[in-house]
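Comments concern the structure below.
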Amino acid sequence: MPLTGVAPGHVGPFAGLDVPWLLRLRAESRAAHPFLIWAPFDQPSRPWTYGEFHERVGALAAGLAKRGIKRGEYVLVHLDNCIEAMLTWFACTELGAVVVTTNTRSAAAEMEYFAGHCGAVACITQPAYAELVAANCRSLRWMAVIAHDAGAAPAHKPGKWDSFESLFADSADRPRRPADPYAPCSVQYTSGTTSRPKAVLWTHANALWGAKVNAVHEDLRPDDIHLVQLPLFHTNALAYSVLAALWAGATAVIQPRFSASRFWQTAATHRCTWTSVVQFCVKALLDREIPKSHTFRLWGNAICEPPTDAIFGVKTIGWWGMTETITHGIVGEVDQPNTPLAIGRVAPEYNIRVINEDGSPTGVGGTGDLRILGIPGLSLFKEYLHNETATRDSFDEHGYFITGDRVTLLEGGYIRFGDRAKDMMKVGGENVAASEIEQIIMTVAGVHEVAAVAKRHPMLDEVPVVFVIPHGGTQQARPTLSEEIMAACRSRLADFKVPHEVRLVDDMPRSTLEKIAKAELRKMVG
């Protein structure tokens, strides 16, 4: 059963505080310092100081209150990266409304589900998604549309929907309410093992926890400038980057999305010192000219100190976290050498269990199921909204959250990521990790990207099938590439781990952060 963070007598680290307190504090202590710099692709950058941003947030919060948004009501924010997304997020937290950030790649049925499930009463979106939202989120009381799309500028249709600018009122009328750290703050929908996405509910204490702990893990300082190009509707950019920068009194430079062609120029223009990347970004940047010097001092990624650090001239700290953990439960060391390709060591703010299938502890060198202990509503999410069963079933008998990830224990306390539990295949009674197959195939010359998934088999239950994107696409692939991949697998893998099929493709379905959508690949193989 999950632990509770609000037992009688409990005094948390954020007692009497909330998100508006933190923004107000920074507006008072660093009023003239840039907080956010909006760096669109097609227009000049626009800096927002802490003081200016706080004032504008107050005006929007006052306007939302006048439009009838009440404390505890849910507001959809369906936006690509833009300053309006951040203004709305903070304005809702000031009002006491609950921000629901949704993936802008969501389909019609998903939007209908999100709005209906949380009971959203209003939505802020952009021209490209306005028709989709209007057609599928029919229970909304109103919808407002910003005046632009990130990277484009299609005309807004006056009168059809409210304009975002029409929502603002006088910041002197900004709502006042008692600070409650355990009040609901925001919701992010995340895919799980069930057919419907689960709504991860954060409290204000969760958001403050993410801000403070991320800033500590990343060694963020007031003079740091954090480049943000990952989507703000998810935890990485929101908590690891923006909220962490806010806690440190630092600056965040926000781009519409990741762009390999603009990355280095933007970093140089704003003298960026920190950024969070994913493997997709790293691969794309390797195809671009890398400057001989830059101002980055640290990057964050899924693995510590990969070989590419020598190419980019920067140290990468690895980390592992989930929407449910708000920050990193496992993280690399900023000031010490790390085991290359590990995700780091257990963060001091959490307890971690790594166990075998039978519940026994996994030993060094072994791979087991990862579980994490924290306090719901503080260091772990509060709950899955409107889903008591999923919340209850996500914790084991010791109160540890069941992550669904598998990790390998290394010497010196370091941990290497293994696989998602659902990426484990059962081949004739033998466990096979998709990542093990993928690592072998990536060593074959001419392979750009690979994904291994399970295909149903009448006798063996499941067998591995691999999708491979060759360098330069299928047209430039060597005729023998598939045979070379199979030969590499036969020579380095047990026979039951060898793929039954190699499919060369030019692209694969993608989810958030450009991750390969393996669920879609599984549907393709049957």
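Taken together, the values in this text are just the output of simple stated rules run on the coordinates, not laboratory data. All figures in this text were calculated on a predicted structure; none of them were measured in a lab. For neighbour counting, all protein chains shown are included, and Cβ atoms are generated from backbone atoms with ideal geometry for every residue, glycine included.
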*Ranked from highest to lowest mean number of other Cβ atoms within 10 Å per residue, what is the order of the peptides 263-269, 307-313, 319-325, 466-472?*
319-325, 466-472, 263-269, 307-313
*Degrees separating the helix 108-118 axis from the principal Cα axis of the chain, which is the longest one*: 60 degrees
*asked:* Report, in listed order, any pair from 422/523; 426/515; 198/455; 283/515 with a Cα-Cα distance greater than 21 Å.
replied: 426/515; 198/455
*Measure nothing fancy, just the Cα-based angle from helix 19-29's long axis to the longest principal axis of the chain, in degrees from 0 to 90, nearest 10.*
70 degrees
*Per-q log10 I(q)/I(0), the chain, q = 0.08, 0.10 Å⁻¹ (Debye; single scatterer per alpha-carbon; no solvent)*: -0.53, -0.84
*Taking 0.36 nm per residue of separation and subtracting the Cα-Cα distance, what length does fully extending residue 135 through residue 107 add?*
8.9 nm
_Less than 19 Å from a label point 7 Å out along the Cα-to-Cβ axis of residue 293: which backbone N atoms in the range 250-271 qualify, by residue?_
264-271
*asked:* Per 0.36 nm of contour for each residue apart, how much would the distance between residue 11 and residue 411 grow if the chain were fully extended, relative to their Cα-Cα spacing?
replied: 140.3 nm
*Amide H neighbours of residue 418 under 5 Å, counting only residues 5+ apart in sequence or on other chains, H built in-plane at 1.01 Å?*
406, 407, 408
*May I ask for the net charge around residue 270, where only other residues with Cβ less than 13 Å from the Cβ of residue 270 are counted and Lys, Arg are +1 while Asp, Glu are -1?*
+1
*Pairing the Cα long axis of helix 481-492 with the longest principal axis of the chain, what angle in degrees results, from 0 to 90 and rounded to the nearest 10?*
70 degrees
*Tell me, 176, 105 in order of fewest to most beta-carbon neighbours within 10 Å?*
176, 105
*Please arrange 25, 238 by counting, for each residue, the other beta carbons lying within 10 Å of its beta carbon, fewest first.*
25, 238
*Given the chain, what percent of its DSSP beta bridges are antiparallel, to the nearest 5?*
55 percent
*residue 196 to residue 426: FRET efficiency via 1/(1 + (r/R0)^6), r the Cβ-Cβ distance, R0 30 Å, to the nearest 0.05?*
0.75
_Gain in span if fully extended, residue 67 to residue 439, counting 0.36 nm per residue against the direct Cα distance_ = 128.5 nm
_Antiparallel versus total DSSP beta bridges in the range 428-525: what percent is that, nearest 5?_
75 percent
_Separation in nanometres of the label points that stand 7 Å from Cα toward Cβ, at residue 478 and residue 309_ = 3.2 nm
*Taking K and R as +1 and D and E as -1, what net charge do the other residues with C-beta under 12 Å from the C-beta of residue 90 add up to?*
0
*Rough spin-label spacing in nm, given labels placed 7 Å along Cα→Cβ, for residue 487 and residue 520*: 3.3 nm
*Using 19 Å as the cut-off for backbone N distance, which residues of the range 311-351 belong to the label zone defined by a point 7 Å from the Cα of residue 221 along Cα→Cβ?*
314-317, 333-337
